[in-house]
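Read through the structure below, which is laid out as structure tokens, and then see the notes.
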Amino acid sequence: MSPFSGALAPAAGEISAAAATGTFTQMWLLIALPLLGAAILLLLGRRTNAWGHWVGVLMSLGSFAIAVSIFLKMMQESGGNRAFTQHLFQWISVGSFQVPFDLRIDQLSMVFVLLITGVGTLIHIYSVSYMSHDRERRRFFGYLNLFVAAMLLLVLADNYLVLYVGWEGVGLASYLLIGFWFYKETAAVAAKKAFVVNRVGDVGLSVAVMLMFVTFGSVTFEGVLASAPKASQTSLTLIGLALLLAACGKSAQFPLQSWLLDAMEGPTPVSALIHAATMVTAGVYLIARSNAIFNAAPTAQTAVIIIGAITLIMGAIIGCAKDDIKKALAGSTMSQIGYMVLAAGLGPIGYVFAIFHLLTHGFFKATMFLGAGSVMHGMNDQVNMRRFGALRTVMVVTTVTFFAGYLAILGIPPFAGFYSKDKIIESAFAHSTLVGLVTLVGAAITAFYMTRLVAMTFLGKARWPDDAHPHESPAMMMIPVSILAVLSTVSGFLLLHNNWIVNWLEPVVGFEEPVLGFNVNILQYGTLAIVLISAALGYVLYARRPVPQVAPVGSLLTQAARADLYGDAVNEAVFMRPGQYLTRFLVWFDNKVVDGAVNGSAALLGGLSGRARRTQNGFARSYALTMLGGAALVIVALVLVRL
Amino acid sequence: MNPANYLYLSAILFSLGAVGVLVRRNAIVMFMCVELMLNACNLAFVSFSRINGNLDGQVIAFFVMVVAAAEVVVGLAIIMTIFRTRRSASVDEANLLKY
């Protein structure tokens, strides 16, 4: 429990908003443009093959331009008056259940919109070149635009039901993009897995929405969040836990983390956009958006912190053992989102920094994923880091940009991660020493596996396959990566300059200054020292010593981490096998018992009828006897009744 | 004479007719037995009419006669047709319509 819980009320965010006017009325266009792009590309089909990808880029770019104009306009408003809603139409109107299809843009949505459209546009441009050899490039851009539209709907929704539409939309787009190369069985299976695991989380969100309607009689942000402090503790805790389940599914948090590593089967730009920068952070958005609920439900908050802490360590451990460059990065993504979820669980001292880290992570992780894509591009789609090494000599731009991302995730000043991650560690220590130590350990492991990754890829000796001729990727790919690398370098400093991000987000999510029992500088230098020692260890192990081309057996922990800490095995043993047995039993029950009863009664009746039919023997005289007997019976019955 | 005696006679005639229908194979004889049963009924109706002192029974007797006449027309026609096709009027041989 946070020592600041007594002062929650003044720190909580505001939820009231004004009707949109002027530039703000264009917010529906943010969604409409990429949706239109997706419609054009997917409905017109092959006719758009030649120019379709430029439509995708243009729509994303248009959306970004509108986002920037809205952002500039929003900057001119004063702090409390930056939230605007736009009523599009009445969606559901059944008795007291009224759901308007409303959009809402406030400081929190704004940063997300900028991240999604900005990083999204860069990745669109990157993909034009990256996917140029793929015959289905047009379909790829159709899905990407669909994803951008759905993600924008998710963050621009003004009630939980519209948010749910976006939530499902990004899930669909993620499924389609992971399974983009569906003729590869691994990709098809990974897509299905992501879909199914996400469905488990989605159940959480739908339960949360139902509970909200029961508790508050409304599903709008204003209706729910404004009256949250008045609701009973039990319902708030239940809603909080249901929302957490939803967040776990979408953000690949423990125990629903298993799909993210397999999701790397998708094309690399997808991994960068959806499975690193934007979609997987939707869970953090959901928690930050529902801050009023979590502030009033300390049990749910504790659960959020625990889930975040477990995932943060788990992801980092998995990242240490993977030889597949994308899977190592995916483990890192899990771990970094664990940081954000943990920060969001800390309450008003953490929300702002969760979002701050989300932004910087979006930049540096996208940089590194796109860098990994560039490496794969030059190495014939090789992903095994044991066959890389010494790529710094041939891929200079990729190396430099990747190192920007690397230094950012390590938290080396002045790179972005230093500001955001340090703030989270600081808040965690302000909450309790235990949580603080977990984040510190996470930072140390992060430094180790990231150093291992860059050492195996860019440093050391070349271990390239004979047919590989690594070369630098074209400018169309490297310019977006460079822009992201610059952002990874400066965004932390810029966003935290004069406490800008804190002041910006405070009206929505609330803020409290984390109070430490000791000097902040000790923590900062301590963290930095731990990170540097850990990175040096990684350097010695993987850059100085030769890296074997076949992975050594390794310790038990390494083996476990290679197997995703047995996440799949647990799922299989706990859910899949019993589920299969259950379905088999149900099939047996259906065949034997249900069908048996139906077919049995039919057979019984049929058999009896067959017997009864025998009395129709064709002899008129026996019929006459039957009639006589019947008549006699009737008479006897009449006489008896008369008596 | 005691009117109940007519009823006894009616019952005896009806039983004779019924036994005839059950035991004889020849369709014509069976047919005649059916007529006997019908007329036994007629006798009972008329007797009851007499006993109760109203005309209802007599009226019904006429109805029965009309029905019997119509039945004879249809029944004889069927028997004739069967005889023509099978050269026999035995009802036991005409047993194709069965399970």
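The values are calculated or read from the model by the stated rules, or taken from the named source; none is laboratory data. Since the model is a prediction, treat every value here as computed from it, not as a measurement. Cβ coordinates were reconstructed from backbone atoms using ideal geometry, including for glycine residues, and neighbour counts include every protein chain displayed. Side chains included, ligands, DNA and RNA excluded: accessible areas come from the protein's heavy atoms. Shrake-Rupley method; radii C 1.70, N 1.55, O 1.52, S 1.80 Å.
At-a-glance table
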read-out	value
Estimated vicinal HN-Hα couplings, Hz - region B:55-66 in sequence order (Karplus 6.51, -1.76, 1.60; Gly, Pro = x)	9, 4, x, 5, 4, 5, 3, 5, 4, 4, 4, 4
Per-residue [θ]222 nm for chain A (sum of -39500 (n - 2.57) over DSSP H runs n ≥ 4, rounded to 500)	-22500 deg cm²/dmol
Inter-chain shielding of B:89-96 (mean C-beta neighbours from other protein chains, 10 Å cut-off)	3
Summed buried accessible surface, chains B and A, 1.4 Å probe, nearest 100 Å²	1100
By average C-beta atoms within 10 angstrom, highest first, the peptides A:576-584, A:370-378	A:370-378, A:576-584
A:Asp590 - accessible surface, heavy atoms, 1.4 Å probe, Å² rounded to 10	70
Relative contact order (%) - criterion: Cα under 8 Å, at least six apart; region: region B:1-56	42
By average C-beta atoms within 10 angstrom, highest first, the peptides A:457-469, A:199-211	A:199-211, A:457-469
Burial order of peptide ranges B:10-16, A:430-436, A:351-357 (average beta-carbon count within 10 Å, highest first)	A:351-357, A:430-436, B:10-16
Percent RCO, i.e. relative contact order, over region A:263-415, from Cα pairs under 8 Å lying at least 6 residues apart	26
Cα-based Kirkwood hydrodynamic radius, region A:468-524, one decimal, Å	15.2
Only Lys, Arg (+1) and Asp, Glu (-1) charged, at Cβ; chain B dipole about Cα centre in debye	340
Karplus-derived 3J(HN,Hα), 6.51/-1.76/1.60, for each residue of region A:258-272, Hz, glycine and proline x	5, 6, 5, 5, 5, 5, 5, 5, x, x, 4, x, 5, 4, 5
Most positive-pole-ward Cα, A:Ser491, A:Met477, A:Ala430, against dipole of region A:423-519 from beta carbon charges	A:Met477
Accessible-area composition of the protein assembly as shown, carbon plus sulfur, in percent [1.4 Å probe]	69
Leading residue at positive end of dipole, region A:166-289 (Cβ point charges), from A:Gly201, A:Ser251, A:Pro229	A:Pro229
Shape of region A:525-566, Cα gyration tensor, a/c cut at 1.5	oblate
Cut-off under 5 Å, modelled amide H: who pairs with A:Asp324 long-range	A:Met385
Cα gyration tensor, the protein assembly as shown - rounded (a/c under 1.5), prolate or oblate	prolate
Sequence-separation-based contact order of chain A, relative, with Cα cut under 8 Å and 6+ spacing, percent	13
Under the span-like rule (Cα at least 27 Å along the axis, Kyte-Doolittle mean at least -1.0), DSSP H helices of chain A	A:52-76, A:107-130, A:137-156, A:185-216, A:298-321, A:325-345, A:351-378, A:433-458, A:475-496, A:520-539, A:620-642
Prolate/oblate/rounded call for region A:80-124, Cα gyration tensor, a/c under 1.5 rounded	oblate
Residue among A:Leu286, A:His133, A:Gly362 farthest towards the positive dipole end of chain A, charges placed on Cβ	A:His133
Accessible area (Å², per residue) of region A:30-163, counting only protein heavy atoms and a probe of 1.4 Å	36
For the protein assembly as shown, size of Cβ-based charge dipole, Lys and Arg +1, Asp and Glu -1, in debye	2280
Region A:463-522: chymotrypsin sites (Phe, Trp or Tyr not before Pro) in DSSP coil with no more than 14 other Cβ atoms inside 10 Å	A:Phe518
Value at 222 nm in deg cm²/dmol, rounded to 500, when DSSP H runs of n ≥ 4 in chain B each add -39,500 (n - 2.57)	-27500 deg cm²/dmol
Alpha-carbon Debye profile of region A:383-500, log10 I(q)/I(0) at 0.14, 0.15, 0.20, 0.22 Å⁻¹	-0.70, -0.77, -1.08, -1.18
Averaged over A:614-621, number of beta-carbon atoms from partner chains that fall within 10 Å	5
Area accessible to solvent at A:Val214, 1.4 Å probe radius, in Å²	120
Rounded to the nearest 20 debye, dipole of region A:362-504 from Cβ charges on Lys, Arg, Asp, Glu	240
